C-alpha cells in the first residue's frame, strides 16, 4: 500500500455509504491523529486502538443523524504521494465556505485548517471533509 491515509479515508467513505456502525483498519500515529480530529469536530462517534496478534488496529465508530443520514457526506484526499500540496498560513483553503474542515499536517502536529490559520502555521493539506 503506497498511501495509508487514502486507504483510511476510502474505508471511512465506503463504510458510511454502506451505513456500517464501525470500520477497522491498520493503525498508525497519523491515522490516530486524523481520527482524533474527526471525533473532536463531531464527524465520528468515537475511535479506539487495539492490538491483535502483534499488529495494531484502529476502529472508527461512525456517526449518523437521527433519521439515519450520514454526518460525513464527502471525504477526499488532497495531497497525494505523487503530488504533495503545501500551503502557507494565508493560503489554507476554506471548505464549503467554512461548513467543512480540512486536516493539515504542520511542524507543530496535525490540526484542522482553521486551527492552523489561527495559530499561524502552514503545512501539507491532507484531506477535506464535509
Between 0 and 90 degrees, rounded to the nearest ten: what's the tilt of helix 29-40 against the longest Cα principal axis of the chain?
90
Which FRET efficiency value, to the nearest 0.05, do you get for residue 10 and residue 118 by plugging their Cβ-Cβ distance into 1/(1 + (r/R0)^6) with R0 = 35 Å?
0.75
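Can you tell me how much longer the chain between residue 41 and residue 22 gets when fully stretched, taken as 0.36 nm per residue apart minus their C-alpha distance, in nm with one decimal? Each step should come with its number before you reach the end.
Values: separation 19, 0.36 × 19 = 6.84 nm, distance 1.77 nm.
The span from residue 41 to residue 22 would gain 5.1 nm if fully extended.
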Heads up, the range 4-129 by the C-alpha gyration tensor (a ≥ b ≥ c square roots of eigenvalues; a/c under 1.5 rounded, else a/b over b/c prolate, else oblate) looks oblate
Once the Cα atoms of helix 4-17 and of the chain are each reduced to a long axis, what angle between those two axes, in degrees from 0 to 90 to the nearest 10, is obtained?
60
Which of 86, 43, 130 comes first, and how do the rest follow, when ranked by fewest Cβ neighbours within 10 Å?
86, 130, 43
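Taking the beta-carbon count within 10 Å as an exposure proxy, list 124, 91 from fewest neighbours to most. Before the final figure, lay out the partial values.
On the way: 124 15, 91 11.
Ascending Cβ contact count within 10 Å gives the list 91, 124.
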Find the relative contact order for the range 4-129 and round it to a whole percent, using C-alpha pairs within less than 8 Å whose residues are 6+ positions apart.
22
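Length gain on complete extension for the stretch residue 52 to residue 67, per 0.36 nm per residue less the alpha carbon to alpha carbon distance? Don't skip to the end; give the middle numbers.
Details: separation 15, 0.36 × 15 = 5.40 nm, distance 3.47 nm.
Gain on stretching residue 52 to residue 67: 1.9 nm.
Just so you know, all these numbers are worked out from the coordinates, no wet-lab data involved. Note that this is a predicted model, so its numbers are computed, not measured. Cβ: placed from backbone, ideal geometry, glycine included. Neighbour counts: every protein chain shown.
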